[in-house]
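The values are calculated or read from the model by the stated rules, or taken from the named source; none is laboratory data. Computed from a prediction, not measured in an experiment: that's the story for all the values here. Using ideal geometry, Cβ is built from the backbone for each residue, glycine included, and neighbour counts are taken over all protein chains shown. Heavy atoms of the whole protein, side chains included, go into the accessibility calculation; ligands, DNA and RNA do not. Shrake-Rupley method; radii C 1.70, N 1.55, O 1.52, S 1.80 Å.
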Amino acid sequence: MPPRVILIGPMGSGKSTIGKSLANKLSLQFRDTDSVIEEQEKKTVSQIFIEDGEDAFRLIEKSVLRQELLTDDTVLALGGGAPISIDAQSALRAIKSHVVYLDISLANVAPRIGFNRDRPLLLNNPRGQWQTLMEARRPIYESIADTVIDVNKRSQSEIVSQIMEVIS
Ligand code: S3P
């Protein structure tokens, strides 16, 4: 069995928070590609971007994603860019896991991004950069997802309950 649930979506959509809570409810292990990368490389995501560059980060992310897609019965949160490569898209379309896209608007994500978070892609003009990335990525997120959850103005417990319902 692959991961039970895979959470995808942009930076600030709540993948880690929702994923931890969902894993707890389902008594499954929570995994997060960014945390695995940081443990493996012994550097933060920002350090990797600054010291080695984005291409190096994407290569590490690709191999971590490949590993994590082989873990049984986990709730797996993917970094916002992890599902975007062609290889990742095909792997995620083929996998038996339930792929859930957490969809959030710029207005609702704005207060969550840009402040002292480890997000190297949003260093200058966080809103503008988030929006540019989202315009390019939204069709990909939508095309991979088995379920799209609108997380705007909804509480964590409402979102988790909705995911529990759709995967049951
Ligand atoms: C990225 C999202 C980040 C992290 C890296 C790049 C992206 O993860 O992987 O900064 O390309 O959208 P979160 O979505 O968990 O913030």
Give me the accessible area of V148, 1.4 Å probe, in Å² rounded to the nearest 10.
70 Å²
Which sequence of T71, T17 reflects their accessible areas, 1.4 Å probe, from the largest down?
T17, T71
Ranked packing of 99-108, 58-67, most packed first, by mean Cβ within 10 Å:
99-108, 58-67
Vicinal HN-Hα couplings computed from phi for the stretch 64-69 (Karplus, 6.51 cos²θ - 1.76 cosθ + 1.60; Hz; Gly/Pro x):
5, 4, 4, 4, 5, 6
Using Cα centres only, tell me the gap between the stretch 136-168 and the stretch 54-122 in whole Å.
14 Å
At a probe size of 1.4 Å, how large is the accessible area of D146, to the nearest 10 Å²?
100 Å²
Given 4 °C, 1.567 mPa s and a Kirkwood radius over Cα pairs, the Stokes-Einstein diffusion coefficient of the stretch 5-167 in µm²/s is 81 µm²/s
Surface accessible to a 1.4 Å probe, per residue, for the residues of the chain, Å²:
51 Å²
Radius 12 Å from Cβ of K62, net charge of other residues (Lys, Arg +1; Asp, Glu -1):
-2
Length released on extending from E142 to N124, taking residue separation times 0.36 nm less the Cα-Cα span
3.8 nm
Taking only C-alpha pairs under 8 Å that are 6+ residues apart, what is the relative contact order of the chain in percent?
33 percent
Say each of L106 and E158 gets a label point 7 Å from the Cα, pointing the same way as Cα to Cβ; how far apart are those two points in nm?
2.4 nm
Distance in nm between pseudo-label sites at T71 and S90 (7 Å out along the Cβ direction from Cα):
2.5 nm
Can you tally the lysine pairs in the chain where the Cα-Cα distance is under 18 Å and the two residues are eight or more apart, or on different chains?
4
